[in-house]
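Only one structure is covered here, and it is reproduced in the block below.
The values are calculated or read from the model by the stated rules, or taken from the named source; none is laboratory data. For clarity, every value in this text was computed on a predicted model and none was experimentally measured. Here the Cβ is made from the backbone with ideal geometry for all residues, glycine too, and neighbour counts use every protein chain on show.
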């Protein structure tokens, strides 16, 4: 660079002033972020219509004059709060579905007490979900529902449909739902029976704290939290980005403990034996036979899901007896299927199109 091309002292000083100003603003925004109260979540009004043990059944209040006859029940994963389906206006799957005329229920979960450590898979699929279906039938007068579930909530919904064919489930909608647990690579390594003594963990702890599950995610992607914080830092003056980050951060931080027996059975029967996929899962003296599921299935998977791989979710097509099977492979990751503005634009209209034909 020639001497003539070199920036002037005034230009250099101005650039330094701009960078210092940006750094100050970023730090001020950072302090606001650290000292601000928790980000509010939840966009739509709802009512608690049934509670039993850790199960809490909510019904969202309608926003349209006409609603579809067939109710929709969304089952949350037992380790996570259900407000992921209803983060905020414009980022709420519930808001979108209500606006399209669906009667939406959510089976959410409370943290188990120590005397509820004995709750196992049978409590979820033989008691909590069927009792929620009975409550919905009593409230609405409709004996059929669309049963939906996200992640392990979807697995529970699938097991329930396999155990209780003809119990009023008209359609099955699944989001990032594992079926072939040999393809859950992250958790297979974490729960390897050669070094993971699940009985010892459960017998000592009773209720499994969320840190155990969160630790599995950190081991699989050790740089994930740091990368997320760096992305937040570079977008600190983008109010919409910060707001969205804080909502997702709150949801992740509020991961729930789970009953020890449920955790033990999940590891032993699903992770180690792959019993649901292999047709050997026995609950309450009955086999959870995927071939008995003949209702229409909408299986929604994420292309870049590091939690539930495509291969873990796709066997539903071949393992069930469904003749009306539809699969949507969405761009994005595990959470983006059920939350965020991208899902609103790309995915949820496809779900609405599928449901509308099967909800009358």
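Annotations
- Among the conditions (1) modelled with pLDDT of 90 or more; (2) assigned to a helix (DSSP H, G or I), the only one that residue 218 does not satisfy is (1).
- Residue 149 vs. criteria assigned to a loop (DSSP other than H, G, I, E, B) and either closer than 20 Å to residue 175 by Cβ or over 20 Å from the mean Cα position of the chain (by Cα) (or both): no
- Restricting region 114-146 to residues that are assigned to a helix (DSSP H, G or I) and free of Cβ contacts under 8 Å to residues at least 24 places away in the same chain leaves a set whose member that is surrounded by the most Cβ atoms within 10 Å (Cβ to Cβ) is 134.
- Tally, over region 253-273, of residues that are farther than 16 Å from residue 110 by Cβ, part of a helix (DSSP H, G or I) and out of contact with any strand residue (DSSP E or B) (no Cβ under 6 Å at 6 or more places or on another chain): 11
- Of the candidates 315, 341, the single residue that is at pLDDT below 95 and more than 29 Å from residue 86 (Cβ to Cβ) is 315.
- Complete set of residues in region 161-188 that are farther than 26 Å from residue 330 by Cα and out of contact with any helix residue (DSSP H, G or I) (no Cβ under 8 Å at 6 or more places or on another chain): 166
- Qualifying position, being assigned to a helix (DSSP H, G or I), over 30 Å from residue 359 (Cα atoms) and at pLDDT 95 or above, among 242, 202: 202
- Tabulated pairs, region 182-199, first within 10 Å of residue 272 (Cα to Cα), second surrounded by 14 or more Cβ atoms within 10 Å (Cβ to Cβ), C-beta under 6 angstrom, 6+ apart or interchain: 182/274; 191/267; 191/271; 193/272
- As a summary of the residue check, residue 284 satisfies the conditions (1) at pLDDT 95 or above; (2) surrounded by fewer than 20 Cβ atoms within 10 Å (Cβ to Cβ); (3) under 23 Å from residue 164 (Cβ atoms) except for the one numbered (1).
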